[in-house]
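> Quick one: the structure is below, questions incoming.
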């Protein structure tokens, strides 16, 4: 018995995506203010599919904070389907500084003043 891989119905990616280990991310504004927590499901050099915990309205221009690498990458919100969003990266990965890391990972990171 031979198994054949069939391409997805509508895979219009410019570069191949890779499935990631479920990786914690934070969705932040371009000025790096916390918006919400998420989980990276798929990722490529051009974009990512992010799982969300709530269906709040997001701005079209955001940044993704990678909690493992402690980096930011600006992105455009391309699509929303239920609790998942698709992002297209619009700039280079930038390392977070110590103050940003502490602000986004500290005990009360989701509480704004």
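> After finding the eigenvalues of the alpha carbon gyration tensor for the stretch 18-105, what semi-axes result from the square roots of 5 times each, listed largest first in whole Å?
Equivalent ellipsoid of the stretch 18-105: 18, 14, 13 Å, largest first.
> At a 10 angstrom cut-off on C-beta neighbours, averaged per residue, how do the peptides 95-102, 45-52 rank from highest to lowest?
Result, highest mean Cβ count within 10 Å first: 45-52, 95-102.
Coordinate-derived values only; no laboratory data. Being a predicted model, the structure only gives us computed values, none of them experimental. Cβ coordinates were reconstructed from backbone atoms using ideal geometry, including for glycine residues, and neighbour counts include every protein chain displayed.
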